[in-house]
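First the structure, then my questions, so here it is.
The values are calculated or read from the model by the stated rules, or taken from the named source; none is laboratory data. Since the model is a prediction, treat every value here as computed from it, not as a measurement. In this analysis, Cβ positions are derived from the backbone assuming ideal geometry, glycine residues included, and neighbour counts consider all displayed protein chains. Heads up: the accessible areas ignore ligands, DNA and RNA and are worked out on the full protein's heavy atoms, side chains in. Shrake-Rupley method; radii C 1.70, N 1.55, O 1.52, S 1.80 Å.
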Number of protein chains: 2
Amino acid sequence: MKHDHTNNMLDAQPDPGRRKFLNTAAFAGLAGAGLSVGLSACKQEQAAAPAPAPAAGSVTAAKAGGSKYHLAPGELDTYYGLWSGGHNGDLRVLGLPSGRELHRIPCFVPDALVGWGITNESKAIMGTKPDGSLKYTVGDTHHVHGSYKDGNYDGRYAWINDKINSRIARIRLDYFVCDKITEIPNIQGFHGIFPDKRDPVDPAINYTTRVFAGAEFHIPLPNDGRDADNPEKYRSLFTCVDAETMAVRWQVLIDGNCDLTATSYDGKLAATNQYNIEGGYHYEGMMSSERDACLFFNIARIEQAVKDGKFATYGDSKVPVVDGTRAANADPATALTAYVSVPKNPHGVNASPDGKYFICAGKLSPTASVIELAKVLDWFDGKLDDPDKAIVAEVELGLGPLHTAFDGRGNAYTTLFLDSQVVKWNVDAAIKFHNGDTSAQYVVDRLDVQYQPGHLNASQSETAFADGQWLSVGCKFSKDRYLPVGPLHPENEQLVDISGDKMHLFADHPVRPEPHDFIIFKRELLQPKQVYSLDDFPLAVKDPKEGGVFRNGNKVTVKITSQAPAFDPREFKVKRGDEVTIILTNLDKIEDLTHGFAVPKYNINFIVNPQETASVTFKADKPGVYWYYCSHFCHALHLEMRGRMIVEA
Amino acid sequence: MKHDHTNNMLDAQPDPGRRKFLNTAAFAGLAGAGLSVGLSACKQEQAAAPAPAPAAGSVTAAKAGGSKYHLAPGELDTYYGLWSGGHNGDLRVLGLPSGRELHRIPCFVPDALVGWGITNESKAIMGTKPDGSLKYTVGDTHHVHGSYKDGNYDGRYAWINDKINSRIARIRLDYFVCDKITEIPNIQGFHGIFPDKRDPVDPAINYTTRVFAGAEFHIPLPNDGRDADNPEKYRSLFTCVDAETMAVRWQVLIDGNCDLTATSYDGKLAATNQYNIEGGYHYEGMMSSERDACLFFNIARIEQAVKDGKFATYGDSKVPVVDGTRAANADPATALTAYVSVPKNPHGVNASPDGKYFICAGKLSPTASVIELAKVLDWFDGKLDDPDKAIVAEVELGLGPLHTAFDGRGNAYTTLFLDSQVVKWNVDAAIKFHNGDTSAQYVVDRLDVQYQPGHLNASQSETAFADGQWLSVGCKFSKDRYLPVGPLHPENEQLVDISGDKMHLFADHPVRPEPHDFIIFKRELLQPKQVYSLDDFPLAVKDPKEGGVFRNGNKVTVKITSQAPAFDPREFKVKRGDEVTIILTNLDKIEDLTHGFAVPKYNINFIVNPQETASVTFKADKPGVYWYYCSHFCHALHLEMRGRMIVEA
């Protein structure tokens, strides 16, 4: 296999010397030659065409025709996966190990199946303009995390971010629906999120009450046109959102851009890995320094500062903003933040399940930095003279390390974007190696993946109960792994068995672009409800007798119930020009008996699950007969389940 | 298991006597008792809990760790499946036998990933209101079919319907994108579609040039408020759309409501099965007659009538409408249509791959009717005195027969909605049995499915090259088959091996509600392209040097190119109040190197695949700095791939 030697950092044979850091010049040269690093690597992988490891399914066949890796029809998965949907703007629910996509929960973007963005209830959550239309119809979800109790998921909530419009959504994990969305002020390009795991002060609060959010893009404050030409005045903020009210509690003004977010198991620290500490606004400028930072937030001190009134506000926002810049936090006795220096443009910060470390992966450096949290606290307590001394290991892993997962047995698994590999490494051995024990073999195993992996996660990895069973790897390019379907390729989520010493790849699953992060946890941690209660909905039409047309001037409310195979009433009349609100309650009580409600030419379609109520409001501006019909298969007479809306001229 | 005996038609033990027809009284009684037929059956199935057949994967393990049923990582599927997406409004591409969802092609409904409904190009296809906003954002796709040549798919196009707004979309199967959408006038609830397979007159036209569309809901003509209270004046139409121009060629006024559509292999006949020949407008009325019809259209005669000016038009529509009502077509010598009587409320009409028969399934009757096409043509030719004599078999299959697929070996496979079964039956044996040979065993096999199957289809079933390998069954209820995910359940697409004498269920695949119909064909029939040509796009910015800001008064065009890891230009300025059009060309040429383009707070996100150009137009109404960024992972410096739009106050 031939290589242009300007491209030698992509060689299949690792060269530890070359790999130390990718320097700016080499990188710029690549870009200048019109080569893309990721893709050159892709071509290599294709040429190398590593043979997939054989699946052990035939060996470990289980009852009912299934196997450890392939469920028989009717067999249930043992793990839930919550996946971000990328610029689909949704949260996806997968079953593992099958990789089945069981649900998509619309959050930031309308969903025509559910009627998300069509019903009044969903529009109230999504947010509207003064004219009643949706404020946003695009989104870009990256990270999804669940609420914690005692270091494990407690099945109450999940949160997910929208990078485009700086929003955070909360998902109720009983009904698997989004119930709140908050748009965060003063920031742009909100990327990483993480819930806290307990309160930093009150030991009784052993569960999530805050969600932290890191903003990537630095902007003028306020962003109203002033200082647009003054990039040195641009700033990013780190944000705390209240887990229950979903109100923004406080923000921290920082140096550099935030990327991912992590929280400690003791509740005391949150962190974001940072790129562009330089404040550059082209990629060359963003990677000019050899080191960026992993930035730590002392939650208790920040909240005390807010309490003490030591904050500013910007523009129309009332959110208190404390000063977390490097210059203002040099004194550990009063510092709200600690900047731990790590190699340039790191990508990914992950908390180890033993509660001891945050791992910061290097991206443009082939290394991972292991930061000991006790030492960061030591710095805040005046017991350590330099926050950089909290780094207990900085070891080479391979090219383009991005994210790290854990198996609960002391091993970490890091994606290597450029090498298209997952590397399994032992954290204790890495610390020993860093401390000079060159005999410490910290790399345990390597697995080729297809291709260019971004996030990865292991079962229960982000809890104190990491169980080391399954690893999912989100490969950004699928290239030749699936039948061709035109220019837009699916992404490739690969599933790996990590229960043994060696990693074992056993399945490719295509996903619609583009999931980023995800979490995987045991199915016992959730107890979803499958039928609503009528009382959950203030507008519920609890009996068909309550149905009918109720007029108040030109405002008309039509109350309808559904019971297969009919709506009640089965016809109604309104007048041209009326403002019509239809309230529909599904009186069917049986699990899985969902009805749809579609009105031709009026741009209305939504579903009502068993015992659910939803409503829509529209102007009856087109006279004629409009057959509303059930759009969700329900019954042998589903096709006949329709009625007439007559709009009188 | 106990049953209420008013509910006895749902007994697990078939009783041929009871099953003859479901009579109206029994059905109404059920509804009155608040029981839903489909769901009572569901409960039975759950109680019965049929054990799934064991998968043969462990027996027939193939190279690379895969099996006949489970692909090893990196193994490619052998069949494409095109699936309708139901009220998601999309067309989905699956690989089979893996069941992997490889792509979703947005058609009628916006798609935030692609930017469908965001870009100017997609909005032009979808249709807009005078204010530039989308005319519709909901859809309800049911049926998808491909273009034919010589009785097989030719890989040019697929078509898909939108029931809510009576639209038909065309998908280019080279790039897997929707390129045209037509809203059909004069109809509501457009349901079944089917392309013709050759021209009825010109033997040189051995490929698809027409697509037929059946409208379900009968409405006043024109539907402008007149005759709204006059249901006997309501009518449905059958429509012909030109496959190339996508213009509506002609329509046929009919009695009854259309349901599914089928076309003959010789190009001479199209048909729709009909329910509600009664013209009822509640479900009881729609099922009061014991028989409805399978309605045949004589394409050559209809087109001659249009040519001869024997048509009407309605309202603003210029589309010629010929009279296909029963009363006007009693004389076979001049008839445009033939009404073949079949048991009440049939659901599904499917053409057998030998070209001889249409099978019409009974839904409310436990039977399927086999109609011989040569005999229908005989009636039009005056050689048969009664079109009902074209029925060569009407045999009992089980409760709730809906749709039929074929294996090319003389067997038909019909879904039984109420029985939750697929029945395999032999067509020749059924004809013999119907002709009095009671020894003819036409039922070959039965397979329990989970639960309530609607459509099914077999590999190549709707071509002259049905190959009898795989059968997919679209089960409407999944109930207990997957981990619970709240009230909205996935549907259950079950995959069955039909290559042997017995059907063998080997996989459940959850799908987001709700696919209806689908087609499955050999992968060799498609040759998708994975990189666009710059010349495909009139607005293409072919060189970064052509980029920049071009002002014409307050209309500003910004031409941008993308090449990983940067946009060019990397910043631009506009003034508050400008109407800005951004044209973006992706100059990256490498397969799978897609970029996204997101602008915070301006509701803009779309992708550009390799060598693709797309544009958006918006008003720059918010001053400040807006970082546009690549929202589709592309490169190691993807996160740094961003630039500034500065809107000057």
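Could you pull out the residue among B:ALA338, B:ALA305, B:ALA293 that is in a helix (DSSP H, G or I) and away from chain A (no Cβ under 14 Å)?
One residue alone meets the criteria, B:ALA305.
Out of the residues in region A:422-448 meeting the condition of being open to solvent by 30 Å² or more (accessible area, probe 1.4 Å) and part of a strand (DSSP E or B), tell me which one is farthest from A:ALA390 (Cα to Cα).
Only one residue tops the list, namely A:ASP448.
Take region A:137-151 and flag every residue that is farther than 19 Å from A:GLY348 by Cα, in contact with a strand residue (DSSP E or B) (Cβ under 8 Å, 6 or more places away or on another chain) and within 14 Å of chain B (Cβ to nearest Cβ).
Selection gives A:VAL138, A:GLY139.
Residues that are closer than 30 Å to B:HIS347 by Cβ, in contact with a helix residue (DSSP H, G or I) (Cβ under 8 Å, 6 or more places away or on another chain), surrounded by fewer than 23 Cβ atoms within 10 Å (Cβ to Cβ) and not small (Gly, Ala, Ser): does region A:538-559 have at least one?
Within region A:538-559, not a single residue is closer than 30 Å to B:HIS347 by Cβ, in contact with a helix residue (DSSP H, G or I) (Cβ under 8 Å, 6 or more places away or on another chain), surrounded by fewer than 23 Cβ atoms within 10 Å (Cβ to Cβ) and not small (Gly, Ala, Ser).
Limited to region A:243-282, what total is found for residues that are touching a Leu at 6+ places or on another chain (Cβ under 8 Å), assigned to a loop (DSSP other than H, G, I, E, B) and among the small types (Gly, Ala, Ser)?
Going through region A:243-282 one residue at a time, the tally reaches 2.
In the list A:ASP536, A:ASP508, A:ASP445, which residue meets the criterion of being in contact with a Lys or Arg (Cβ under 7 Å, 6 or more places away or on another chain), among the charged types (D, E, K, R), within 12 Å of another protein chain (Cβ to nearest Cβ) and more than 30 Å from B:ASP536 (Cα to Cα)?
Testing whether each residue is in contact with a Lys or Arg (Cβ under 7 Å, 6 or more places away or on another chain), among the charged types (D, E, K, R), within 12 Å of another protein chain (Cβ to nearest Cβ) and more than 30 Å from B:ASP536 (Cα to Cα) leaves just A:ASP508.
Quick one: which of A:GLY285, A:GLY382, A:GLY315 is out of contact with any Pro (no Cβ under 6 Å at 6 or more places or on another chain), surrounded by fewer than 23 Cβ atoms within 10 Å (Cβ to Cβ) and not in a strand (DSSP E or B)?
Numbers: A:GLY382 fails: out of contact with any Pro (no Cβ under 6 Å at 6 or more places or on another chain); A:GLY315 fails: out of contact with any Pro (no Cβ under 6 Å at 6 or more places or on another chain).
Criteria check complete, one pass: A:GLY285.
Yes/no per residue for (1) touching an Asp or Glu at 6+ places or on another chain (Cβ under 8 Å); (2) in contact (Cβ under 8 Å) with a residue 24 or more places away in the chain:
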{"site": "B:TYR79", "(1), (2)": "no, yes"}
{"site": "B:VAL93", "(1), (2)": "yes, yes"}
{"site": "B:THR119", "(1), (2)": "no, yes"}
{"site": "B:ALA124", "(1), (2)": "no, no"}
{"site": "B:GLY139", "(1), (2)": "yes, yes"}
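What is the residue count in region A:91-106 for residues that are more than 9 Å from chain B (Cβ to nearest Cβ) and in a strand (DSSP E or B)?
5
For (1) open to solvent by less than 10 Å² (accessible area, probe 1.4 Å); (2) touching a Ser or Thr at 6+ places or on another chain (Cβ under 8 Å), each residue gets a yes or a no:
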residue	(1), (2)
B:ASP331	no, no
B:LEU336	no, no
B:TYR339	no, no
B:VAL342	yes, yes
B:ALA351	no, yes
B:ASP354	no, no
B:ALA361	yes, yes
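While we're here: Can you tell me which residue in region B:568-608 is surrounded by the fewest Cβ atoms within 10 Å (Cβ to Cβ), limited to those that are under 34 Å from the mean Cα position of the chain (by Cα) and β-branched (Val, Ile, Thr)?
Looking at the filtered set, the residue picked out is B:ILE590.
Restricting attention to region A:600-612, and to residues there that are part of a loop (DSSP other than H, G, I, E, B) and without any contact (Cβ under 8 Å) to a residue 60 or more places away in the chain, which single residue is farthest from the other protein chains (Cβ to nearest Cβ)?
Only one residue fits best here, namely A:TYR602.
Let me ask something else. Checking the conditions here, which among B:THR367, B:THR415 is open to solvent by less than 50 Å² (accessible area, probe 1.4 Å), under 21 Å from the mean Cα position of the chain (by Cα) and not hydrophobic (A, V, I, L, M, F, W, C)?
Details: B:THR367 fails: under 21 Å from the mean Cα position of the chain (by Cα).
After applying the criteria, what remains is B:THR415.
Can you pull out the residues in region B:613-637 that are open to solvent by 10 Å² or more (accessible area, probe 1.4 Å), more than 7 Å from every other protein chain (Cβ to nearest Cβ) and closer than 30 Å to B:LYS529 by Cα?
Selection gives B:THR617 alone.
Those residues that are under 15 Å from the mean Cα position of the chain (by Cα) and in contact (Cβ under 8 Å) with a residue 60 or more places away in the chain, I need them from region B:105-117; list them, please.
B:ILE105, B:PRO106, B:CYS107, B:PHE108
If you don't mind, another one. Report, by residue number, each residue of region B:511-527 that is more than 8 Å from chain A (Cβ to nearest Cβ), among the charged types (D, E, K, R) and in contact (Cβ under 8 Å) with a residue 24 or more places away in the chain.
Those that are more than 8 Å from chain A (Cβ to nearest Cβ), among the charged types (D, E, K, R) and in contact (Cβ under 8 Å) with a residue 24 or more places away in the chain: B:ASP517, B:LYS522.
What's the number of the only condition in (1) more than 7 Å from every other protein chain (Cβ to nearest Cβ); (2) surrounded by 24 or more Cβ atoms within 10 Å (Cβ to Cβ); (3) free of Cβ contacts under 8 Å to residues at least 12 places away in the same chain that A:PRO487 fails to meet?
(1)
Something else about it: Whether any residue in region A:438-445 is under 22 Å from the mean Cα position of the chain (by Cα) and among the polar types (S, T, N, Q) is what I want to check. Let's see the steps before the verdict.
The initial filter retains those residues of region A:438-445 that are under 22 Å from the mean Cα position of the chain (by Cα), namely none.
Among the residues of region A:438-445, not one is under 22 Å from the mean Cα position of the chain (by Cα) and among the polar types (S, T, N, Q), which makes the answer no.
Residue-by-condition table, conditions (1) hydroxyl-bearing (Ser, Thr, Tyr); (2) over 18 Å from B:CYS240 (Cβ atoms); (3) surrounded by 24 or more Cβ atoms within 10 Å (Cβ to Cβ):
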site: B:VAL138; (1), (2), (3): no, yes, yes
site: B:THR141; (1), (2), (3): yes, yes, yes
site: B:HIS145; (1), (2), (3): no, no, yes
site: B:GLY155; (1), (2), (3): no, yes, no
site: B:LYS180; (1), (2), (3): no, no, no
site: B:GLU183; (1), (2), (3): no, no, no
site: B:PHE194; (1), (2), (3): no, no, yes
site: B:ALA204; (1), (2), (3): no, yes, no
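Test of understanding: among A:ALA243, A:ALA305, A:ALA300, A:ALA335, which residue is out of contact with any Pro (no Cβ under 8 Å at 6 or more places or on another chain), among the small types (Gly, Ala, Ser) and touching a residue at least 40 places away in the same chain (Cβ under 8 Å)?
Criteria check complete, one pass: A:ALA335.
Residue under question is A:GLU244, and the condition is that it be open to solvent by 10 Å² or more (accessible area, probe 1.4 Å), away from chain B (no Cβ under 14 Å) and modelled with pLDDT of 95 or more; does it hold?
Yes; evaluated as a whole, the condition is true for this residue.
Let me ask another. Name the residues in region B:107-128 that are facing chain A (nearest Cβ under 10 Å) and either of a type in the set (S, T, N, Q) or open to solvent by less than 20 Å² (accessible area, probe 1.4 Å) (or both), would you?
B:PHE108, B:VAL109, B:ALA112, B:LEU113, B:GLY115, B:GLY117
A further question follows. Would you pick out the residues in region A:168-190 that are modelled with pLDDT of 95 or more and closer than 21 Å to B:HIS638 by Cα?
Correct list: A:ILE187, A:GLN188, A:GLY189.
Mind checking which residues of region B:154-186 are in a loop (DSSP other than H, G, I, E, B) and under 22 Å from B:HIS218 (Cα atoms)? Write out each step before concluding.
Here is the first cut: in region B:154-186, the ones in a loop (DSSP other than H, G, I, E, B) are B:163-166, B:173-176, B:184-186.
Within region B:154-186, B:LYS163, B:ILE164, B:ASN165, B:SER166, B:ILE184, B:PRO185, B:ASN186 qualify.
List the number of the failed condition for A:GLY643; all other conditions in (1) small (Gly, Ala, Ser); (2) closer than 26 Å to B:PRO490 by Cα; (3) not in a loop (DSSP other than H, G, I, E, B) hold.
Failing condition for A:GLY643: (2).
Need pairs with beta-carbon distance below 7 Å; first residue within 12 Å of chain B (Cβ to nearest Cβ) and within region A:152-168, second open to solvent by 10 Å² or more (accessible area, probe 1.4 Å) and assigned to a strand (DSSP E or B); sequence gap 6+ or separate chains.
A:ASN165/A:GLU183; A:SER166/A:GLU183; A:ARG167/A:ILE181; A:ARG167/A:THR182; A:ARG167/A:GLU183
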